[in-house]
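S.K.: If you scroll down you'll find the structure; I have some questions about it.
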Amino acid sequence: MIYGVLRADLRISSAKSLKDKRSITRKLIEKIRNAFHVSANEVGDHDLHGNAVIGISLTGAEAVQVEKVIQQILRMIDENPEIEVYDSVILVDQLK
């Protein structure tokens with residue numbers, strides 16, 4: 001079994017409050033979950049209204065396919081004009 005993990009550090013310049021930020025991140029997370037059937041959640045920077053960290057995980061049979069899905073997710077996030085990805089970490093490995 002192959003697993004993949006994405007940590008995306010986001011800057012949300014349009015968020016003027018935590019309520020704004022949570023609204024934007026919730027919509028993004030739901031969009032990712034629905035489009036790719038992966039596990040996704042806000043995992044850091046909970047108290048900063050301009051930043052968010054989301055974590056995404058998925059499993060698959062082939063590393064190439066898992067990596068492809070992660071890259072598609074990053075493109076989807078980049079297409080959102082309210083959000084800037086300023087750092088990301090991708091891990092794809094095999095569970096032994």
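S.K.: Considering every residue within the stretch 4-19, establish whether at least one is over 14 Å from D78 (Cα atoms), more than 11 Å from the chain's Cα centre (by Cα) and free of Cβ contacts under 8 Å to residues at least 12 places away in the same chain.
M.R.: Among the residues of the stretch 4-19, at least one is over 14 Å from D78 (Cα atoms), more than 11 Å from the chain's Cα centre (by Cα) and free of Cβ contacts under 8 Å to residues at least 12 places away in the same chain, which makes the answer yes.
S.K.: I'd like to check something: does the stretch 23-33 contain any residue that is polar (S, T, N, Q), over 13 Å from the mean Cα position of the chain (by Cα) and modelled with pLDDT under 90?
M.R.: So far as the stretch 23-33 goes, yes, one or more of its residues are polar (S, T, N, Q), over 13 Å from the mean Cα position of the chain (by Cα) and modelled with pLDDT under 90.
S.K.: Working only within the stretch 74-90, note down all residues that are more than 19 Å from R22 (Cα to Cα) and in contact with a helix residue (DSSP H, G or I) (Cβ under 9 Å, 6 or more places away or on another chain).
M.R.: Within the stretch 74-90, S88, I90 meet the criteria.
The values are calculated or read from the model by the stated rules, or taken from the named source; none is laboratory data. Note that the structure is predicted; figures quoted are calculated from it, not measured. Ideal geometry is used to build each Cβ from the backbone, glycine not excepted, and the neighbour counts take in all protein chains shown.
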